[in-house]
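What follows draws every value from the coordinates through simple rules; no lab data is involved. As the structure is a prediction and not an experimental result, all values here were calculated from the model. Backbone-built Cβ (ideal geometry, glycine too); neighbour counts: all protein chains shown.
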């Protein structure tokens, strides 16, 4: 039942305009040819040319997977570092601080500035680790 609901929501999310926007952004950022194989690019191009709305659940899932792949490829390195390093560190530090009795630590998980700070500190730590002063 949930799978059918997910398919129907994917059908409503993806439209011709959204596909065209994703394709243009990917071409402009230089990831269209790097991130997608030829068959994937052809699938998106044909979907844009042939249909205005996607009615097939399998096609919608395939297109959604490809657009997610493009979005991931277009994400900046810094944004990726925040998502992959800063947010998990914020969660760990929040958990430790809550165990030690800090009641305001539960808000750290949702503090994007704290996640950015932690990501920058981790990047600087890795960068300066190799330098000898």
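Of the labelled figures (i) 37.5, 119; (ii) 20.4, 62; (iii) 14.1, 47, only one reflects Rg and Dmax of the Cα atoms in Å as derived from the coordinates, namely (ii). With respect to the chain, whose longest principal axis is taken over its alpha-carbon atoms, helix 87-99 is tilted by about 40°. As a length-normalised measure over Cα pairs under 8 Å and 6 or more apart, the relative contact order of the chain settles at 24 percent. Relative to the dominant Cα principal axis of the chain, helix 57-74 is inclined by about 50°. Sorting 53-63, 95-105 by their mean Cβ neighbour count within 10 Å, with the most densely packed peptide first, gives 53-63, 95-105. Rounded to the nearest 10 degrees, the angle from helix 112-129 to the longest Cα principal axis of the chain is 70 degrees.
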